[in-house]
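Chemist: Just dropping this structure here.
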Amino acid sequence: MAEAHVDNRSFKCLICLHECNTPRQLPCFHTFCTGCLDTYINSEYVTEDNRTYFPCPVCESPCYRHDKNAPVSSWAGSFPRNQLFASSTFKETESGQTFCHGCLTDDEENVASFWCKACSEALCQPCRVAHRRSKLLSTHKVIAIDEVSKTDIRMPVSIVNTCPRHTGKTIEVYCHNHNALCCVLCVTLSHRMCTQVSSLEDTTMMFSLDLIECELGKMKDESKTIVEEDENKLTTLEDDYQKMTSNMAMMIKKAKDKMGDLHQRFQTGLDVTYRRHRESLHERLRTNRIFQANIENTNQLMRVVKEKNPVVDIFIVTEQSKTQLLSHVRRLQQKTGDKHNTFELKIRYDDVLEKVNNVMTTVGRLEVSSSLSSSSQDSLTSIRQIIDTLHTTSSVTSFSESTSSSDMLSDVGHVAVPSSSIAPRIDVWTGSLSLVKSVHKGSIGGLVTPWLTGGVFIEGEGLLATDYNNKKLLLFDDSYEYLRHYDMDNSPIDITRGFEPNQLLMTQTNGSIIRCTFRDGVLTTVDSIRSYPSQWGIDTLGDNVLIGTDYSVKISTSDFKQVSSIPNLSYSTYVAASTRGLLCHRDEDVIVCRSRDGTEVFRHMCKGIKQPRGIVVDQDGNVYVCGMKSGDIHLISHDGFKDRILLPRMSGITQPFAVVLHPTRQEIIVTSRRENVAFEVYKFCDQ
């Protein structure tokens, strides 16, 4: 353990973003408040195949409990206290008294009364007694804490210099090829092919703390610029939301008021028309009822006269009735002859109202235009350049290990081909691609035209590609020169790294997945797992296997027990895992990004792309996609907000099928769908 003093400055928890209270450090070096971590673990822990773990809240690295029988509620407190963080959050009582440093280590707050000059620690009375009784500490000079200056009351910090990968081993070596702190086992197992390895003593002779502090200061300023820019944009977005809500409400109110006014005017006209025609019908009806009553009276009169009077009287009454009826008929004709008795009310709606009811489906179309501000883009570019500068110095890993090596660098186990020199990275959004090499089918051999449907880089070996047509695996060296082939029983489709060193997983046309090892040029088949019919792409995400089939993406455990199935509308589905813990796949001509549980993160349609096939994700989360029918290569940002056509056309390929990224050299390998050129290699360069 190495000791150092830390100034009285506070660190922030990466969950609550407030001062880190009782900081706990995970194996990936991210640190959180004990309370925040406990709440997170209880809500996010996962149990799979009798294993229980939780993903780191920042990098999603799986974190396992130390005691398999410990309840979930105790996990947070079982992770080691981050003394670097804890020492910086200097604690005092409200009256300004100092807490005992020894008690703070166990999360207890007891007022200190003494100060050990040798240990530079504040001690309470019980700790003072224990300190005096220790044979090793009994000779230390202990004084009253009132005699010590406040500036001297700083707890010494123990910096862990043990290897995080190999228990009990001390970090002694630095690999310049991978910017990695190593123990002797790391060098033996993972860096045996590296050419630039030196002891920490030799490396620290080139250590420049001033340079690191300068670069970190620049990075802090740039990150502050980005945060301030995002805060301003968030305020602007909230203002836009409030304005849009108010404006739409006002517009709807105006529309309602206008419709209400038009409704009232129409109703008034309808009322007038209705009353006029109703009165006309009432008058006609009364006239007809009077005539009807007169007829009935005449009939009744004739029956009465007929029964009791002579014929002469009957004749007289009949003639009188005829004269009376004739007069009534004339009046009836005059009053009702030209008056209508049928009034059918109809309405012909205004064309605009018809559209509102039948055509209109929205009161307005919400349009969102998004972009990355130039200031934020400049800051991101500056941060990337600062990281590249730090990579070129010997102290970059000291910095990255103290924050999080999983954030700054690719894991050593995933770096396939070591580079002898570290070149500045080209921004893939501004750089251009230049053709490095075309590999013709004649240089490979085979009975039929090769069709390379997948590939993977292997450390110290080169590129291993799947030849679907000839049922072979093809090995190419670091310069993409053909070395040899390996015969397969069935046509291989896609290939990826497994979960063990030197392990590979490969899909085949017979619905099986081959688990094999590749070491020193020797391919050894371990076993064959029956999986899914019509399977295509394969990749690993954490401890899960991603398998692309016709019309779905299957997620399985490392021993191929299905966890979930995500349906889509595509056959020949390729899948790719992201270092951000996400997965990408095609859904017809759309690229979909999801979290591990299948939740959709974004859905992006590249302009002009037709029948996407090969898909891969770089270390920044950017997605590269082959458009087989459109003959191009597209790039999609990690958040799905923007895209770019990297290669609108290629030199000798018209139907690109698979795309593979070189792990260190910013080179893209694009294979063809049974063409004379088997694959082409393109490299990023400045415009």
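The values are calculated or read from the model by the stated rules, or taken from the named source; none is laboratory data. This structure is a prediction, so every number in the text was calculated from the model and none was measured. Every residue, glycine among them, receives a Cβ derived from its backbone with ideal geometry; neighbour counts consider all protein chains shown.
Chemist: Kindly provide the set of residues from the stretch 638-661 that are closer than 17 Å to V436 by Cα and among the charged types (D, E, K, R), ordered by number.
Modeler: R649
Chemist: Within the stretch 637-687, can you find the residues that are among the acidic types (D, E) and under 26 Å from the mean Cα position of the chain (by Cα)?
Modeler: Scanning the stretch 637-687 gives D639, D643, E667.
Chemist: Is it the case that the stretch 594-613 has a residue that's at pLDDT 95 or above and not small (G, A, S)?
Modeler: No; the residues of the stretch 594-613 include none that is at pLDDT 95 or above and not small (G, A, S).
Chemist: Give, as residue ranges, the strands (runs of 3 or more DSSP E) completely inside the stretch 127-186 that count at least 1 residues that are exposed (fewer than 11 other Cβ atoms within 10 Å of the Cβ) and at pLDDT 80 or above.
Modeler: 142-144
Chemist: While we're on this one: Picking from T236, T225, T203, which residue would you name as being under 29 Å from the mean Cα position of the chain (by Cα), surrounded by 12 or more Cβ atoms within 10 Å (Cβ to Cβ) and in a helix (DSSP H, G or I)?
Modeler: Exactly one of T236, T225, T203 is under 29 Å from the mean Cα position of the chain (by Cα), surrounded by 12 or more Cβ atoms within 10 Å (Cβ to Cβ) and in a helix (DSSP H, G or I), namely T225.
Chemist: Now for a different question. Against the definition (assigned to a helix (DSSP H, G or I), among the polar types (S, T, N, Q), within 60 Å of the chain's Cα centre (by Cα) and surrounded by 11 or more Cβ atoms within 10 Å (Cβ to Cβ)), how does S198 come out, yes or no?
Modeler: Taking the combined requirement at face value, the residue does not satisfy it.
Chemist: Check off (1) part of a loop (DSSP other than H, G, I, E, B); (2) under 60 Å from the mean Cα position of the chain (by Cα); (3) of a type outside the set (K, R); (4) surrounded by fewer than 10 Cβ atoms within 10 Å (Cβ to Cβ) for Y349 and give me the number that stays unchecked.
Modeler: For Y349, the failing item is (4).
Chemist: Of all residues in the stretch 641-661, count the ones that are part of a loop (DSSP other than H, G, I, E, B) and either surrounded by fewer than 19 Cβ atoms within 10 Å (Cβ to Cβ) or not assigned by TED's automatic domain parsing to the domain that holds V575 (or both).
Modeler: Residues that pass the stated criteria total 8.
Chemist: Quick check: anything in the stretch 538-557 buried (at least 19 other Cβ atoms within 10 Å of the Cβ), basic (K, R) and within 16 Å of L505 (Cα to Cα)?
Modeler: Looking for residues that are buried (at least 19 other Cβ atoms within 10 Å of the Cβ), basic (K, R) and within 16 Å of L505 (Cα to Cα), one finds at least one in the stretch 538-557, hence yes.
Chemist: What do you reckon, is V522 assigned by TED's automatic domain parsing to the domain that holds V625, free of Cβ contacts under 8 Å to residues at least 12 places away in the same chain and among the hydrophobic types (A, V, I, L, M, F, W, C)?
Modeler: Judged against the criteria, V522 is a match.
Chemist: Still on this structure, please answer the following. Exactly one of these conditions fails for G445: (1) buried (at least 17 other Cβ atoms within 10 Å of the Cβ); (2) outside any strand (DSSP E or B). Give me its number.
Modeler: Answer for G445: the failing condition is (1).
Chemist: Could you tell me which numbered condition V58 fails, if it satisfies all but one of (1) in contact with a helix residue (DSSP H, G or I) (Cβ under 9 Å, 6 or more places away or on another chain); (2) under 29 Å from T139 (Cα atoms); (3) assigned to a loop (DSSP other than H, G, I, E, B); (4) at pLDDT 70 or above?
Modeler: Here V58 meets the rest and fails (2).
Chemist: Any residue at all in the stretch 483-496 that's hydrophobic (A, V, I, L, M, F, W, C), in a loop (DSSP other than H, G, I, E, B) and in the same structural domain as V545 (by TED's automatic domain parsing)?
Modeler: yes
Chemist: Could you identify the single residue in R594, R603, R580 that is within 14 Å of the chain's Cα centre (by Cα), assigned by TED's automatic domain parsing to the domain that holds F657 and in a loop (DSSP other than H, G, I, E, B)?
Modeler: From the options R594, R603, R580, the qualifying one is R580.
Chemist: May I ask you to say which residue of Y571, Y532 is modelled with pLDDT under 90, surrounded by 16 or more Cβ atoms within 10 Å (Cβ to Cβ) and either in a loop (DSSP other than H, G, I, E, B) or of a type in the set (A, V, I, L, M, F, W, C) (or both)?
Modeler: On inspection, the qualifying residue turns out to be Y532.
Chemist: Q535 is checked against (1) within 20 Å of T47 (Cβ to Cβ); (2) free of Cβ contacts under 8 Å to residues at least 60 places away in the same chain and fails just one. What number does that condition carry?
Modeler: Of everything listed in (1) within 20 Å of T47 (Cβ to Cβ); (2) free of Cβ contacts under 8 Å to residues at least 60 places away in the same chain, Q535 misses just condition (1).
Chemist: Considering only residues that are buried (at least 20 other Cβ atoms within 10 Å of the Cβ), touching a residue at least 40 places away in the same chain (Cβ under 8 Å) and farther than 29 Å from E459 by Cα, which ones fall in the stretch 608-640?
Modeler: M628
Chemist: Okay, next question. If we scan the stretch 7-16, do we find a residue that is surrounded by 14 or more Cβ atoms within 10 Å (Cβ to Cβ), at pLDDT below 85 and not hydrophobic (A, V, I, L, M, F, W, C)?
Modeler: Scanning the stretch 7-16 turns up no residue that is surrounded by 14 or more Cβ atoms within 10 Å (Cβ to Cβ), at pLDDT below 85 and not hydrophobic (A, V, I, L, M, F, W, C).
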